[in-house]
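J.: Take this structure, written in structure tokens, and hold onto it; I'll ask about it next.
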Amino acid sequence: MNTKIEKNSQESPHFELDWFHDVIEFAPDTFNIIDKDGIMLFTNSRSETEGPENFVNKSIFDFFLPEYADMVREKMDKVFDTGKNDHYELATDYGGNLRYYMTNLAPIKRNGEVVAIAMYIRNITELKITQHQIHKLNEELEDRVFRRTLALKEYAKRLEFTEKLSIALRQARNN
């Protein structure tokens, strides 16, 4: 690795970095470069079971659930057409277990034209599982509140009926 730290005249550190290895290859997230058809031209694959050679020249559409294909295609087309960043979330069961990913898309331009897309992919499975658990707990809580509200309304009706009956009995006794 070609990294060394030097001090300049102002005493702040100056880093000499191997940008590819330091920023891309060893990044904690997956970094892909894809063409207009979604074919991977490069990856620093973070797969636990396969190396980058098992992904290059393959379609990204092979690695996530089919129901996300239209949305991913629209997002990619938008980046190629506008030259602006975009993002999406999706799920995959590639490799056996359901996992969730957030993907940021950034255009790679040459002479003002988008020629490829850089994809920054982060595994957000734990976050999504937590969101699903919170959503489920929220639904359970709302259901409990709804049932409790119905029970309280029923109780209030009985109290109202008892009060009316009590008033009617007192009036009958007084007459």
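J.: I'd like to know if the range 111-127 contains one or more residues that are basic (Lys, Arg) and more than 21 Å from Val56 (Cα to Cα). Full working, then the answer.
T.: Quick first cut of the range 111-127, residues basic (Lys, Arg) only: 122.
Those still in the list that are more than 21 Å from Val56 (Cα to Cα) too: none.
No: zero hits.
J.: May I pose another question? So, restricting to strands (runs of 3 or more DSSP E) that lie completely within the range 1-96, which ones have at least 2 residues that are modelled with pLDDT of 80 or more? Spell out the reasoning first.
T.: Values: elements: 4-7, 13-16, 30-34, 40-43, 86-92.
It comes to 30-34, 40-43, 86-92.
J.: Hey, among Lys109, Lys136, which residue is basic (Lys, Arg) and either open to solvent by less than 70 Å² (accessible area, probe 1.4 Å) or touching a residue at least 12 places away in the same chain (Cβ under 8 Å) (or both)?
T.: Values: Lys136 fails: either open to solvent by less than 70 Å² (accessible area, probe 1.4 Å) or touching a residue at least 12 places away in the same chain (Cβ under 8 Å) (or both).
Result: Lys109 is the single residue among Lys109, Lys136 that is basic (Lys, Arg) and either open to solvent by less than 70 Å² (accessible area, probe 1.4 Å) or touching a residue at least 12 places away in the same chain (Cβ under 8 Å) (or both).
J.: While we're looking at this one, here's another question. Across the range 32-58, what is the number of residues that are surrounded by 14 or more Cβ atoms within 10 Å (Cβ to Cβ) and without any contact (Cβ under 8 Å) to a residue 40 or more places away in the chain?
T.: Of the residues in that region, 10 qualify.
Table: residues versus (1) modelled with pLDDT of 90 or more; (2) over 30 Å from Lys84 (Cβ atoms); (3) charged (D, E, K, R).
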site	(1), (2), (3)
Leu98	no, yes, no
Lys109	yes, no, yes
Val115	yes, no, no
Leu127	yes, no, no
His135	yes, yes, no
Phe146	yes, yes, no
Thr149	yes, yes, no
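The values are calculated or read from the model by the stated rules, or taken from the named source; none is laboratory data. Keep in mind the model is a prediction, meaning the values are calculated, not measured. Here Cβ is always computed from backbone atoms with ideal geometry, including for glycine, and neighbour counts include all displayed protein chains. The accessibility values were calculated without ligands, DNA or RNA, using every heavy atom of the protein model including side chains. Shrake-Rupley method; radii C 1.70, N 1.55, O 1.52, S 1.80 Å.
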